[in-house]
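Note sheet for the following structure.
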Amino acid sequence: MMISPFFPEIERKHADKISKFQEIKLQHQLLYLQNNSKFYSDLFLRNKINISKIKTIGDLANIPTTTKEDLQKKNDEFICVPKHQIIDYITTSGTMGDPVTFVMTDKDLQRLAYNEAISFTCADGSNIDIYQLMTTIDRRFMAGLAYFMGIRQMGAGVVRVGNGIPEFQWDTIQRIHPSTIIAVPSFILKIIEYAELHHIDYRNSSISKAICIGEPLRNPDFSPNTLGRRILEKWPLHLYSTYASTEMGTSFTECGEGKGGHHHPELIIVEFLDDQDQPVKENEFGEVTVTTLGVEGMPLLRFKTGDVCQRFSEPCKCGKNCAWDLFRVS
């Protein structure tokens, strides 16, 4: 059976094969960091870390974690490329007041587009869909740009409406008839309210799916939470939860089963750590800690996101072996 390039074969492999695949990529990433990142080359030297001895995912425990404070205090030391290779600049809120700047090369932008293409395909998307983008694509915001590029790579249609203005959202839906919206869940309630106030038959519109960003939709047992229920009681869409961050340059998106965000092992290594930076057991909650793979501009190693999620890795009915329960606790 031919597998779509947007349903990567590695995600259907047994966990052991996924780990071996990631460990090969990890070797390349460590060498790249040692040669190009001032922050990480200093960290390796200071902690007497011989990267050639970091062979497995478990060996990562021998390397100190990276924090948001590190990014804030030593932002420029994370940049691994000269300025002429930087194509895009992004900012994200810092923990100490000032935003943190992220830089991306052309290869990083291609990686970002690929991530969204496989994520939206995971969420039952295809090239016959038309996506209405209800988030900004400017103001140094990564996600809107990522969504646009990923949809374009899928070969699907995209309408760049931006955030806010319910009247404009409904005008676009009625003119272009998109199948899917990409929006913050609480904003979906606002466009429902506008439709009801202006007698728009939203239940019979072209919209059948919603890619939901920025706010959780599910309880730990995967049932809709209060926000999810409020939307579904009004508008029986198929809702897909997502989880992402600028630092990861990767997203975790639900498939149609709605049983947790799917991990893309070719793009990122994920650890779930307790307060002592030790791995939690299966089905326990831990802080999401990531090592990016294939990033050129600002790769991160064991970066603590500050988000607490429940870890599990049971194979999904959709065929992927990399599902995580990304119910955000904090």
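The values are calculated or read from the model by the stated rules, or taken from the named source; none is laboratory data. Owing to the predicted nature of the structure, the values given are computational and were not obtained by experimental measurement. Here Cβ is always computed from backbone atoms with ideal geometry, including for glycine, and neighbour counts include all displayed protein chains. Accessible surface areas use protein heavy atoms only, side chains included; no ligands, DNA or RNA. Shrake-Rupley method; radii C 1.70, N 1.55, O 1.52, S 1.80 Å.
The table for this structure:
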| quantity | calculated |
| --- | --- |
| Count of residues meeting criterion [assigned to a helix (DSSP H, G or I) and acidic (D, E)] in segment 71-95 | 2 |
| Matching option when the condition is of a type in the set (S, T, Y), assigned to a strand (DSSP E or B) and closer than 21 Å to F21 by Cα, among S241, S251 | S251 |
| Lone qualifier among S179, S186, S205 - being of a type in the set (S, T, Y) and out of contact with any Asp or Glu (no Cβ under 9 Å at 6 or more places or on another chain) | S205 |
| Residues satisfying the stated conditions in segment 288-308, i.e. at positive phi, open to solvent by 10 Å² or more (accessible area, probe 1.4 Å) and part of a loop (DSSP other than H, G, I, E, B) | G294 |
| Hey, T56 open to solvent by less than 60 Å² (accessible area, probe 1.4 Å), at pLDDT below 95, of a type in the set (S, T, Y) and in a loop (DSSP other than H, G, I, E, B) or not | yes |
| Single residue of segment 225-238 satisfying the filter (part of a helix (DSSP H, G or I) and in contact with a Lys or Arg (Cβ under 9 Å, 6 or more places away or on another chain)) that is least open to solvent (accessible area, probe 1.4 Å) | G228 |
| Inter-residue pairs, beta-carbon under 6 Å, first over 22 Å from G261 (Cβ atoms) and in segment 5-33, second in a helix (DSSP H, G or I), 6+ apart | L30/I51; L33/Y40 |
| Condition met for F222 (among the aromatic types (F, W, Y) and not in a loop (DSSP other than H, G, I, E, B)) | no |
| Among (1) within 30 Å of E11 (Cα to Cα); (2) open to solvent by 10 Å² or more (accessible area, probe 1.4 Å); (3) β-branched (V, I, T), the one test that T250 misses | (2) |
| Matching residues in segment 98-134 - criterion: being touching a strand residue (DSSP E or B) at 6+ places or on another chain (Cβ under 8 Å) and farther than 30 Å from K74 by Cβ | S119, F120, C122, A123, D124, G125, D129, I130, Y131, Q132, L133, M134 |
| Segment 97-110 residues that are free of Cβ contacts under 8 Å to residues at least 12 places away in the same chain, paired with ones that are hydrophobic (A, V, I, L, M, F, W, C) (beta carbon under 7 Å, 6 or more apart) | none |
| Strands (runs of 3 or more DSSP E) fully within segment 155-213 counting 3 or more residues that are under 18 Å from T135 (Cα atoms) and either of a type in the set (G, A, S) or open to solvent by 30 Å² or more (accessible area, probe 1.4 Å) (or both) | 157-160 |
| Residue identified as on the phi < 0 side of the Ramachandran plot, outside any helix (DSSP H, G or I) and open to solvent by 10 Å² or more (accessible area, probe 1.4 Å) among I24, I49, I10 | I49 |
| Count of residues meeting criterion [touching a residue at least 40 places away in the same chain (Cβ under 8 Å), under 16 Å from I87 (Cα atoms) and open to solvent by 20 Å² or more (accessible area, probe 1.4 Å)] in segment 111-141 | 3 |
| Considering residues of segment 27-46 that are in a helix (DSSP H, G or I) and open to solvent by less than 40 Å² (accessible area, probe 1.4 Å) only, the residue nearest to L293 (Cα to Cα) | Q29 |
| Selection from segment 269-287 of residues that are farther than 30 Å from Y89 by Cβ and either without any contact (Cβ under 8 Å) to a residue 24 or more places away in the chain or open to solvent by 50 Å² or more (accessible area, probe 1.4 Å) (or both) | D274, D275, Q276, Q278, P279, K281, E282, N283, E284, F285 |
| Check on E77, loosely packed, with under 15 Cβ neighbours inside 10 Å and at negative phi | no |
| Enumeration of residues in segment 96-145 that are part of a helix (DSSP H, G or I) and of a type in the set (D, E) | D106, D108, E116 |
| Verdict on G260 being crowded, with 20+ Cβ neighbours inside 10 Å, in contact (Cβ under 8 Å) with a residue 60 or more places away in the chain and on the phi > 0 side of the Ramachandran plot | yes |
